[in-house]
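Take a look at the structure below.
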Amino acid sequence: MYLSRRKFLGLTGAATLVATCSPISLSGQTPRDALSGQCASGMKDLSALVRQRSTMLGYPINLNFPPAEFFKWRERLNTAGLDQFNFNNVGDPFKQGHFSFNTHDLEKDLIERFGAVYGFVQKQVWGFLSNSGTDSNMHGIYIGRTLMQNRTGILPKIYFTHEAHYSIQILCNLMSLDWVVVDTEADGNMDIGDLEQKLNANADYPALIIATVGTTFKGAIDSIDGIQSKLKGRDYYLHLDAALFGGYLPHTPFADELLHSRRTDQSPRYHSIAVSCHKFFGYPSPAGLFITSQDIFEEFEAQFAKIHDPQYILQVPGTITCSRDSVKPAEFHFFSSDSELSRQKSDARQMLDNAGYLHKEMLTHLKHLEPVRTGQRSPIVYFRKPSEEIVDRYTLAVMQSDRNNEATAYAHVVVMPHVSKKTLDRFLEDLSTH
Ligand SMILES: *Cc1c(COP(=O)(O)O)cnc(C)c1O
């Protein structure tokens, strides 16, 4: 997604194959000889990609290498036998199952640790490590649909804004849900007044609401408390899509944004949350956190058990997907240690500081590009689309957006942890000379 076709083709020529075939260090931090002697023809020049990663500004992917300790942890797991033969995390990580060649212990512990990060009540949390943010959203929507239909006998309508991630529409289609698109305010966050109107217009249906904390393009935040204020007395399920922002917000002064249980009476502000592991955290391949509370899960499981015959694996799996990866939960567990959480804190600060810097500099020197940052919680700055050359050089994402009822092309920069001030300065320089 984040490599243009042209770049991809440009990197697969004969000249680059030579480079690929020489024994190089892929990371510069963790010496590896994996590429030598294994040179498949047509393989991309990975070392060139490694060099280019610092200038990838357009997508919410952290392209830093995880710390050296991560690779040591990976090696320890590998030495212990993981990824050496066929492990499988099929089933519920919170239950003892029949099939034991898994890493359920680490997966459960991981979910409990991140549950604490998001303010779930201790020991009342359930979840698993999914394939991606989309997979986590799928489970949120499926659980919400199941609960609403079971409680009311009616399939819910699903509410989200047009700034929500495109995966939501796919999932609504997959689950045959009627959707209600809620208007947004100028910043791209959900218009709570419009939500209320639409809830009233569909009062005969339970509501399944997707709140996005950090919309993909603009970085807008739907107000959970605002949404909650319109839900009193209604049958509803509220799922939080926090694919990118969910990674770092807990480490900022805005941590309460994602708080699951109110401090006063421990009542929930939302029912489930989805966070991508490859976005802020920079886990080296796609994965996602899905976290909900135990009571919600148990209510779901009681229904799920009716359509899922537990005979074969001797339990209700809890997940839609059956076979699941054992390696990723074990590896991602690394990111839940105290020292990792404090490293995430400094990454979060640097990211938001740099986003503030970019926005300020653009306002001062490139005002004609109309740069917007939705607020201090967002690492995203969007602006009028610059030249194709710049879009290409920095792998910028481009979208049409309405402003003053006119469709205009915008691009955005997502200031991820791998984006340094030096890179931003070069980017600003390029913007002003092109
Ligand atoms: C990236 C993103 C997703 C999809 O997450 P994947 O991990 O890529 O499946 C969903 N929602 C939002 C808001 C996102 O930014």
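The values are calculated or read from the model by the stated rules, or taken from the named source; none is laboratory data. Everything numeric here is computed off the predicted structure, so don't read it as measured data. Quick reminder, even Gly has a Cβ in these numbers, built from the backbone with ideal geometry, and neighbours come from all protein chains shown. The accessibility values were calculated without ligands, DNA or RNA, using every heavy atom of the protein model including side chains. Shrake-Rupley method; radii C 1.70, N 1.55, O 1.52, S 1.80 Å.
Restricting attention to the stretch 120-135, report how many residues are more than 18 Å from the chain's Cα centre (by Cα) and either without any contact (Cβ under 8 Å) to a residue 12 or more places away in the chain or assigned to a loop (DSSP other than H, G, I, E, B) (or both).
The number of residues fulfilling the criteria is 5.
Find the residue count for the stretch 147-166, including only residues that are assigned to a helix (DSSP H, G or I) and buried (at least 21 other Cβ atoms within 10 Å of the Cβ).
We begin by selecting, within the stretch 147-166, every residue assigned to a helix (DSSP H, G or I); these are 147-152, 166.
Next, only the ones that are buried (at least 21 other Cβ atoms within 10 Å of the Cβ) stay: 147-148.
Final tally of qualifying residues: 2.
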## Note on the structure
Per the list (1) more than 23 Å from the chain's Cα centre (by Cα); (2) within 16 Å of the ligand (Cβ to nearest atom), residue check on Gly58 breaks on (1)
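Report, by residue number, each residue of the stretch 94-114 that is out of contact with any Gly (no Cβ under 7 Å at 6 or more places or on another chain) and of a type in the set (Gly, Ala, Ser). Even if it seems obvious, please write down each step before you answer.
From the stretch 94-114, those out of contact with any Gly (no Cβ under 7 Å at 6 or more places or on another chain) are 94-96, 98, 100-110, 112-114; that's our starting set.
Of everything in the stretch 94-114, just one residue is out of contact with any Gly (no Cβ under 7 Å at 6 or more places or on another chain) and of a type in the set (Gly, Ala, Ser), namely Ser100.
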### Summary
Flagged pairs (Cβ under 9 angstrom, 6 or more apart or on separate chains; first in the stretch 362-379, modelled with pLDDT of 95 or more; second open to solvent by 60 Å² or more (accessible area, probe 1.4 Å) and not in a loop (DSSP other than H, G, I, E, B)) are His365/Ser432; Leu366/Ser432; His368/Arg384; Leu369/Arg384; Glu370/Arg384; Glu370/Arg403; Pro371/Leu363; Pro371/Arg384
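Considering the stretch 215-240 alone, what residues qualify as being within 16 Å of the chain's Cα centre (by Cα), open to solvent by 10 Å² or more (accessible area, probe 1.4 Å) and of a type outside the set (A, V, I, L, M, F, W, C)? Even if it seems obvious, please write down each step before you answer.
First pass over the stretch 215-240, keeping only residues within 16 Å of the chain's Cα centre (by Cα): 215-222, 239-240.
The next check asks that each one be open to solvent by 10 Å² or more (accessible area, probe 1.4 Å); those that pass are 216-218, 221.
Listed by number, the residues that qualify are Thr216, Lys218.
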### Query
Under 8 Å by Cβ, and 6 or more places apart or on different chains, what pairs join a residue from the stretch 224-239 that is outside the structural domain of Glu257 (by TED's automatic domain parsing) with one that is at pLDDT 95 or above?
none
### Query
Can you find a residue in the stretch 84-92 that is surrounded by 21 or more Cβ atoms within 10 Å (Cβ to Cβ), small (Gly, Ala, Ser) and more than 14 Å from Ile291 (Cβ to Cβ)?
yes
### Task
Please determine, by comparing only the residues of the stretch 376-434 that are aliphatic (A, V, I, L, M) and over 22 Å from the mean Cα position of the chain (by Cα), which one is farthest from Gln52 (Cα to Cα).
Ala407
### Query
Can you find a residue in the stretch 199-208 that is open to solvent by 50 Å² or more (accessible area, probe 1.4 Å), in contact with a Lys or Arg (Cβ under 6 Å, 6 or more places away or on another chain) and in contact (Cβ under 8 Å) with a residue 24 or more places away in the chain?
yes
#### Entry: Hits in the stretch 241-272 - residues which are of a type in the set (Asp, Glu) and surrounded by fewer than 23 Cβ atoms within 10 Å (Cβ to Cβ)
Asp256, Glu257, Asp265
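Output the number of residues of the stretch 126-146 satisfying the condition of being away from the ligand (no atom under 16 Å from the Cβ) and surrounded by fewer than 24 Cβ atoms within 10 Å (Cβ to Cβ).
Initially, the stretch 126-146 is screened for residues away from the ligand (no atom under 16 Å from the Cβ), giving 126, 143, 145-146.
Checking the rest, the ones that are also surrounded by fewer than 24 Cβ atoms within 10 Å (Cβ to Cβ) come to 145-146.
Within the stretch 126-146, residues that are away from the ligand (no atom under 16 Å from the Cβ) and surrounded by fewer than 24 Cβ atoms within 10 Å (Cβ to Cβ) number 2.
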### Message
Against the definition (open to solvent by 30 Å² or more (accessible area, probe 1.4 Å) and in a loop (DSSP other than H, G, I, E, B)), how does Lys108 come out, yes or no?
### Response
no
### Those residues of the stretch 329-340 which are open to solvent by 40 Å² or more (accessible area, probe 1.4 Å) and of a type outside the set (Gly, Ala, Ser), in sequence order
Asp338
